[in-house]
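Chemist: First the structure, which I've put down as structure tokens, then a few questions once you've had a look.
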Amino acid sequence: MPLITDRKQVLEVYTAAVDRRWVLPTFNSENLTTTEAILTATRDYGRTIGVEDLPIIIGITNKYKPRPQSVYYTHTRRWEIGMQLFLKELEVLTSGESPFSKLKVMVHLDHIQWDDDREFLDWDMGQFSSIMYDASTLPFDLNIEKTAIFREKHGDNILVEGACDVIGKTLNEEGGLTTPENAERYMRETGVDIVVANLGTEHRASAADLYYRSDLAKQVSKRLGKGCLCLHGASSVAPDSLSSLFEDGIRKVNIWTALERDSSVVLFTEMVKNAAKIIGRENTEKLITQGLLGKKIDPGNNASVDFCTTTYRQHIVFQEMQNIVLNYLSVFYNSKNEHE
Ligand SMILES: [Zn+2]
């Protein structure tokens, strides 16, 4: 089916997810390989639990300085070209004869900046299912003011997610965590559909001092009532520490870093193991001599075109990203939850 962008239909997907005790996952993507891995894993997981039209949200950031994903989408490094391609590819992958045409795919704009993304906001926002308006770097009152204006302008047509606080202060900076009072005031005064709170996670890949504050999530979600609480920075904590999300009142979770970080390990290992097939005997021997490769590497193989292509490298990443997504889906779409 085509991308679900109509506000009413998007809200229906969110409501149905709550009925099934699912936490809706949003995986960000900055290339076609990632997009296909997310869709493939979702289709496969849907089949294993007998839900062919499993919902999935695919997100992208625009001029968000920590990771401007539409900019990285193409080597032109132009956000408007990247954004158009991202949307076009999703459109093709979700329609017609595509193997993913049964899925309920929604497209999310992530961390749209109140200042740097002004130009982008003149685009037709109707192409998107939800948008995270991020004014969290501003003082709290101003954040509320800006977000309320944005909600007023776009909120009748698109689901608006707002950032109550900056995600990523350490636990030592107690002030960094969202308080239930602030979350409630933020939602009431901005009118956003989804609130992103700082619940201890971070956008960094990982850090020893981080953990997801399940207790705080429960307090915040209680104050928000039926409002939708969203967790960002899920890659910074172990997936099995996220198994209580639904119980804690979290309805949407955003993930990106883990896809790239964890697939890199597999890609790197595979390439080292197959060094000679990729770069040939002479280059392998040179790297062994330089101490960059170990003696266990067999330089006896000849290079093969099957191993030195972009396709080869992308395929390894694609397969591992699928595994990572499947792992998260089994936590967030845990069918055990439904029967409790
Ligand atoms: Zn985020």
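Chemist: Mind checking whether some residue in the stretch 246-254 is among the acidic types (Asp, Glu), away from the ligand (no atom under 15 Å from the Cβ), outside any helix (DSSP H, G or I) and surrounded by fewer than 22 Cβ atoms within 10 Å (Cβ to Cβ)?
Modeler: So in the stretch 246-254, the residues among the acidic types (Asp, Glu) come out as 247-248.
Among the residues that remain, those that are also away from the ligand (no atom under 15 Å from the Cβ) are: 247-248.
Adding the requirement that they be outside any helix (DSSP H, G or I) leaves none.
Within the stretch 246-254 (the criterion being among the acidic types (Asp, Glu), away from the ligand (no atom under 15 Å from the Cβ), outside any helix (DSSP H, G or I) and surrounded by fewer than 22 Cβ atoms within 10 Å (Cβ to Cβ)), the answer is no, since none of the residues qualifies.
Chemist: Looking at this structure, is Val331 of a type in the set (Val, Ile, Thr), in a helix (DSSP H, G or I), in contact (Cβ under 8 Å) with a residue 60 or more places away in the chain and under 30 Å from Pro180 (Cβ atoms)? First the steps, then the outcome.
Modeler: Numbers: of a type in the set (Val, Ile, Thr): yes; in a helix (DSSP H, G or I): yes; in contact (Cβ under 8 Å) with a residue 60 or more places away in the chain: yes; under 30 Å from Pro180 (Cβ atoms): yes.
Taking the combined requirement at face value, the residue satisfies it.
Chemist: Which members of the stretch 263-293 meet the condition of being closer than 30 Å to Asn198 by Cα and either surrounded by 17 or more Cβ atoms within 10 Å (Cβ to Cβ) or at pLDDT below 95 (or both)?
Modeler: Filtering the stretch 263-293 for residues closer than 30 Å to Asn198 by Cα gives 263-265.
Selection gives Ser263 alone.
Chemist: Of everything in the stretch 119-142, what is part of a helix (DSSP H, G or I), out of contact with any Ser or Thr (no Cβ under 7 Å at 6 or more places or on another chain) and either within 16 Å of the ligand (Cβ to nearest atom) or not charged (D, E, K, R) (or both)? Give them in sequence order. Break it down into steps so the answer makes sense when it comes.
Modeler: Restricting attention to the stretch 119-142, the residues satisfying the condition of being part of a helix (DSSP H, G or I) are 120-122, 125-127, 140-142.
After this cut, where a residue has to be out of contact with any Ser or Thr (no Cβ under 7 Å at 6 or more places or on another chain) as well, the list is 120-122, 125, 140-142.
Across the stretch 119-142, the qualifying residues are Phe120, Leu121, Met125, Phe140, Leu142.
Chemist: Out of the residues in the stretch 143-163 that are outside any helix (DSSP H, G or I) and of a type in the set (A, V, I, L, M, F, W, C), state the one that is surrounded by the most Cβ atoms within 10 Å (Cβ to Cβ). First the steps, then the outcome.
Modeler: We begin by selecting, within the stretch 143-163, every residue outside any helix (DSSP H, G or I); these are 155-163.
Cutting the leftovers down to of a type in the set (A, V, I, L, M, F, W, C) gives us 158-160, 163.
Values: Ile158: 21, Leu159: 23, Val160: 24, Ala163: 27.
The residue in question is Ala163.
Chemist: State the number of residues belonging to the stretch 224-238 that are more than 14 Å from the chain's Cα centre (by Cα) and assigned to a helix (DSSP H, G or I).
Modeler: Looking only at that region, the number is 1.
Chemist: Let me ask another. Which residues, taken from the stretch 272-304, are among the aliphatic types (A, V, I, L, M) and more than 21 Å from Ile316 (Cβ to Cβ)?
Modeler: So in the stretch 272-304, the residues among the aliphatic types (A, V, I, L, M) come out as 272, 275-276, 278-279, 287-288, 292-293, 297, 303.
Ile288 - this is the single residue of the stretch 272-304 that is among the aliphatic types (A, V, I, L, M) and more than 21 Å from Ile316 (Cβ to Cβ).
Chemist: Right, next: When you scan the stretch 1-118 for helices (runs of 4 or more DSSP H) that lie fully inside it, which ones turn up with 3 or more residues that are hydroxyl-bearing (Ser, Thr, Tyr)?
Modeler: On the way: elements: 7-19, 32-48, 69-72, 79-94.
In the stretch 1-118, the matching helices (runs of 4 or more DSSP H) lie at 32-48.
The values are calculated or read from the model by the stated rules, or taken from the named source; none is laboratory data. Remember, predicted model here, so these are calculated numbers, not experimental data. FYI the Cβ positions are ideal-geometry reconstructions off the backbone, even for glycines, and counts take in every protein chain you see.
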